[in-house]
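The values are calculated or read from the model by the stated rules, or taken from the named source; none is laboratory data. All figures in this text were calculated on a predicted structure; none of them were measured in a lab. Reconstructed Cβ throughout: ideal geometry from the backbone, glycine too, with neighbour counts over all protein chains shown.
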Amino acid sequence: MRYGIGGTSEVVVQRYLARPLLLGGYKFDLRVYVLVRSLEPLDVWVCQEGLARFCTEPYRAPTGKNCHKIMGHLTNYSLNKRSEGFVKSSAGGGGSGEVGSVLGAPETEGEAGVFGAPRACQEGMSKRTLSYTMSQIRAAGIDADKVWEEIKTMVRRTCQTMHPFLKNATQEQMPQGSCAVGWEAAVAVHILTSNVCTYLVGVVNVLLQR
């Protein structure tokens, strides 16, 4: 969608999901790390560990009176880390946090300890591991295995859609005549709705590696 004088600016318009799945009354999304090992043929690997980002205010269905309370609606770390309600990890150590470092993901800024935090310490944290959050989803009576399969299907379809872009971007970076064998790392962010349908919200931190 274009807007502004002469339609020179571009924005992405998405439908707001007004009935998200909540844990403890808070909205969250899942950040899944994906490694594309090869473009020809397309070879995609999905990391079984990732991040869950929680809002810092309890969720209320959006109305004209509460839409300004963005920390109950938006899960972005860049916003919620400023909130007094943001609960950091008290555990040290990076562990699998190296994944985020490799990708250059700002989500792990000062929060690498979330990957080394014991499960008993993650309750109530504003950023939790994907595995711990999936266990909470399972404890809520939801088929977490089905959710994970839906996530993998969405990752596959997303990478198939991005395939032409990734090929062009790789060809532009690789010298002519060289072997374009490398890997492409992308981070896919998902939201789970109340009926446990999985929606792709965005793909960020696309990193090309020769």
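Here are the numbers for the structure shown:
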{"quantity": "Out of Y16, Y33, Y59, sole residue that is in a strand (DSSP E or B) and either of a type outside the set (V, I, T) or at positive phi (or both)", "calculated": "Y33"}
{"quantity": "Selected residue [β-branched (V, I, T) and closer than 29 Å to R119 by Cα] from V12, V36, V44", "calculated": "V44"}
{"quantity": "Test for Y199: is it within 24 Å of C55 (Cα to Cα), modelled with pLDDT of 80 or more and either outside any helix (DSSP H, G or I) or among the basic types (K, R) (or both)", "calculated": "yes"}
{"quantity": "Matching residues, region 60-118, being among the aromatic types (F, W, Y) and either more than 23 Å from W45 (Cβ to Cβ) or modelled with pLDDT of 90 or more (or both)", "calculated": "Y77, F86"}
{"quantity": "Odd one out for G24, checked against (1) free of Cβ contacts under 8 Å to residues at least 60 places away in the same chain; (2) of a type in the set (G, A, S); (3) surrounded by fewer than 14 Cβ atoms within 10 Å (Cβ to Cβ)", "calculated": "(1)"}
{"quantity": "Members of region 27-38 that are crowded, with 20+ Cβ neighbours inside 10 Å and over 15 Å from the mean Cα position of the chain (by Cα)", "calculated": "V36"}
